[in-house]
Amino acid sequence: MITLSSYLRDTWQSGQDPQTPLYDPTHKTAIAQTSTRGLDLASALQHARTVGGPTLRAMTFAQRGDLLNKLSAAIHGARDALIDVSRQNMGTTRSDAKFDIDGAAGTLAFYANLGKTLGDRTFLLDGEAIRFSRSARFLGQHILTPKVGVAIHINAFNFPAWNLCEKLATAILAGVPVLAKPGTATAWLSVKIVELWLEQGLLPAGVVQLLVGSAGDLLDHVGPQDAIVFTGSGATGQTIRQHPAVIANSVPVNVEADSLNACVLAPDVAEGSDLFNMAVAEIAREITQKAGQKCTAIRRIFVPHEQAEALKAELVARLGDILVGDPAEDRTNLGPLAGPSQQRDVIAGVAELSKHAENVFAGKAPEGGCFIGPQLFWSNAGLDAAYVHDHEVFGPVATVLPYDGSAELAVQLVARGGGSLATSVYSDDAAWSRTVLLGIAPWTGRVYWASSKVFDQGTGHGAVMPALVHGGPGKAGGGEELGGERGLRFYWQRTAVQGDVQMLKAVLG
Ligand code: NAP
């Protein structure tokens, strides 16, 4: 049994018993353990503020970008070893592990390039100088400087590599040190990545710390210059937002939470057309990729009544071909859920969903491990299908909801989810599309528009691109990450500076 440690104040530190087990979900056996009991988290945060922060703020954007580039290369160089850890601790197939690990390396590389573009500066001007009168001697200018606190990253279990790196990339490039807390269930991969960076001597003191296990009293010690970025369930997000120290210090909290993402087919998508087939392939992939444990996965499928039976038949056929089993075997398409507690949650969610919608396909799954076969549901209740719109079952599960094909109802159905990370729309009809796009945009962080022209070129519904924002309103948490330079702004203070033009030029350059 491996005992995982936390990397705090530039050393690996183990917590006291009792330990929390981490599982190999394929065999449902404990393979590692960890504890954060007794660790001094107040001094870890202080270490980031006093050691890591000054180091990063003294570096230019180009130098911070160079650091990110090395972190990315280290991951890429150890890809196979990391894929193996992902399989053992999360039950991912090789392709699902690559989605997480390559996504991590790619996002770091993207922000490395942005650092190069931002160049030899340590802070940024925001907009142009502003005149207040005819005189050009007294001006106003907004500036953006890094906060002098610590970026606290609390991550979900489902992307132990990407979640760690996408958050870390923006904070480090912004000039703010990181204390990251991965979801405990799958934390081994995050530990491996930090070990790798340390073995290669890449991390300056205090710039990255890793808390492996429960958050303990971490949030009791947050201060007014800190920032929290959270990914996980809406309920935990609310607990964090309401923490007394977070409230007392006005600590900004970015939340990425549950999301009932939708896919909408327009009436012009004829059965058997390229666009129809593209939708079938994409929905089937969204249900099965990473065993459905993706925050962006399609959960609600809105299809006009005329095409609904055909879509269902195609999806059932596709899901019927999916082989659920040991991710170590090449022929396996769908591995287990991440652990026993995730399996319990999904089995309970499927049982509840079965009371509100018809289960039209339930895939076979082997006994023993944390497996569940892909599940397709069907509901004719439209806007009234309350459970389908309100509850995310975080596994290989989605529901088909036929509708009348009108753009207005499509908008209402998407909005009924209460705010989503990503919505896919399939149509070649510009007028219908305009109504739907402008109607769903306030409810959705990202819209994936699929028309016949991009049949073979799209990046896919579920893939988060670092150049585009990731996040969504309402139920999805109301947060926003990534989006190129936009992702850095969370870590900066915008200050309006008013003064004499010569002084502004001399001080701000
Ligand atoms: P979770 O149970 O809410 O846990 C998320 C993280 O919060 C974990 O690191 C967890 O630590 C930590 N945590 C739990 N209670 C805490 C507290 N009181 N104070 C501070 N930290 C605390 O969610 P999960 O089960 O890991 O992830 C699944 C959920 O995440 C799904 O609902 C999914 O939709 C959502 N998700 C959203 C996105 C997105 O980008 N919007 C991405 C991925 C997942 P422990 O692991 O130690 O409990």
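The values are calculated or read from the model by the stated rules, or taken from the named source; none is laboratory data. Treat the numbers as computed from the prediction; the structure is a model and nothing was measured. For neighbour counting, all protein chains shown are included, and Cβ atoms are generated from backbone atoms with ideal geometry for every residue, glycine included. Only protein heavy atoms, including side chains, enter the accessible area calculation; ligands, DNA and RNA are left aside. Shrake-Rupley method; radii C 1.70, N 1.55, O 1.52, S 1.80 Å.
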Hey, what does the equivalent ellipsoid look like for region 264-351, semi-axes from the Cα gyration tensor as sqrt of 5 times each eigenvalue, largest first, whole Å? 27, 15, 10
If one puts a single equal scatterer on every Cα of region 1-146 and applies the Debye formula without solvent, what log₁₀ I(q)/I(0) results at q = 0.12, 0.15, 0.16, 0.21 Å⁻¹? -0.78, -1.03, -1.10, -1.22
Could you report the chain's accessible area per residue, 1.4 Å probe, as an integer in Å²? 39 Å²
Please give the length that would be gained between residue 2 and residue 449 if that part of the chain were fully extended, namely 0.36 nm times their separation in residues minus their C-alpha to C-alpha distance (nm, one decimal). 156.4 nm
Holding the Cα-Cα limit at 26 Å, pick out from 181/294; 28/475; 355/475; 116/147; 147/294; 28/181 the pairs that are longer than that. 28/475; 147/294
Net dipole in debye of region 262-466 [+1 Lys, Arg Cβ; -1 Asp, Glu Cβ; about Cα centre; nearest 20]: 520 debye
Given H placed 1.01 Å from N in the peptide plane, which residues other than close sequence neighbours of residue 448 have an amide H under 5 Å from its amide H? 423, 424, 425
Whole-Hz Karplus ³J(HN,Hα) for region 43-53, in order, using 6.51 cos²θ - 1.76 cosθ + 1.60 and θ = phi - 60°, x for Gly and Pro? 6, 5, 5, 5, 4, 4, 5, 8, 10, x, x
Computed ³J(HN,Hα) along region 376-390: with the Karplus parameters 6.51/-1.76/1.60, θ = phi - 60°, integer Hz and x for glycine or proline, the list is 10, 10, 9, 9, 8, 7, x, 5, 8, 7, 4, 4, 5, 7, 9
Convex hull (Cα only) mean projected area of region 334-433, reported in nm² to one decimal: 7.5 nm²
May I ask you to compute the full-extension gain from residue 66 to residue 117, defined as 0.36 nm times their residue separation minus their alpha-carbon distance, rounded to one decimal in nm? 17.2 nm
Point-to-point label distance, residue 199-residue 50, nm (Cα→Cβ direction, 7 Å offset): 3.3 nm
Any chance you could give the angle, 0 to 90 degrees and rounded to 10, that helix 430-440 forms with the longest Cα principal axis of the chain? 60 degrees
What spacing in nm lies between the two simple spin-label points modelled at residue 505 and residue 456, each 7 Å away from Cα in the Cβ direction? 5.7 nm
In degrees from 0 to 90, rounded to the nearest 10, what is the angle of the helix 162-174 Cα long axis to the longest principal axis of the chain? 30 degrees
Quick shape summary for region 1-53, equivalent ellipsoid via Cα gyration tensor, semi-axes whole Å in descending order, reads 28, 11, 8
Taking the Kirkwood radius as the inverse of the mean 1/r across Cα pairs, report the Rg/Rh of region 262-466. 0.95
Over the chain, relative contact order from alpha-carbon pairs under 8 Å, at least 6 apart, %: 18 percent
Cα-Cα pairs in region 68-163 separated by more than 16 Å, as a whole percent of all pairs, come to 69 percent
7 Å from Cα along Cα→Cβ at both residue 135 and residue 27: what's the point-to-point distance in nm? 7.9 nm
Using the Karplus curve 6.51 cos²θ - 1.76 cosθ + 1.60 with θ = phi - 60°, work out ³J(HN,Hα) for each residue of region 91-106 in order, rounded to whole Hz, and write x for Gly and Pro. x, 7, 5, 4, 5, 5, 5, 5, 4, 6, 6, 5, x, 5, 5, x
List the GluC sites (Glu not before Pro) within region 273-378 that fall in a DSSP loop (any state other than H, G, I, E or B) and whose Cβ has at most 11 other Cβ atoms within 10 Å. 329, 367
Long-range amide H contacts for residue 31: which residues qualify at under 5 Å (H placed 1.01 Å from N, peptide plane, sequence gap of 5 or more or a different chain)? 22, 23, 24
Amide H to amide H under 5 Å from residue 209: which residues, 5+ apart in sequence or cross-chain, H placed 1.01 Å off N in plane? 178, 179, 180
What's the long-distance tail for region 91-217, i.e. % of Cα pairs beyond 19 Å? 58 percent
For every helix of n ≥ 4 consecutive DSSP H residues, a contribution of -39,500 (n - 2.57) applies; sum these over the chain, divide by its total residues, and give [θ] at 222 nm rounded to the nearest 500 deg cm²/dmol. -11500 deg cm²/dmol
Highest first, please rank the peptides 57-67, 224-234 by the mean number of other Cβ atoms sitting within 10 Å of their residues. 224-234, 57-67
Using only Cα atoms, tell me the angle between helix 61-77 and the longest principal axis of the chain; keep it within 0 to 90° and round to the nearest 10. 40 degrees
Work out the FRET efficiency for residue 380 and residue 329 from their Cβ-Cβ distance, taking R0 = 45 Å, and round it to the nearest 0.05. 0.70
Using the Cα atoms as the points, what is the convex hull volume per residue of the chain in Å³? 157 Å³
Reachable aspartates and glutamates from residue 98, criterion Cα separation under 12 angstrom, eight or more residues apart if same chain: 80, 84
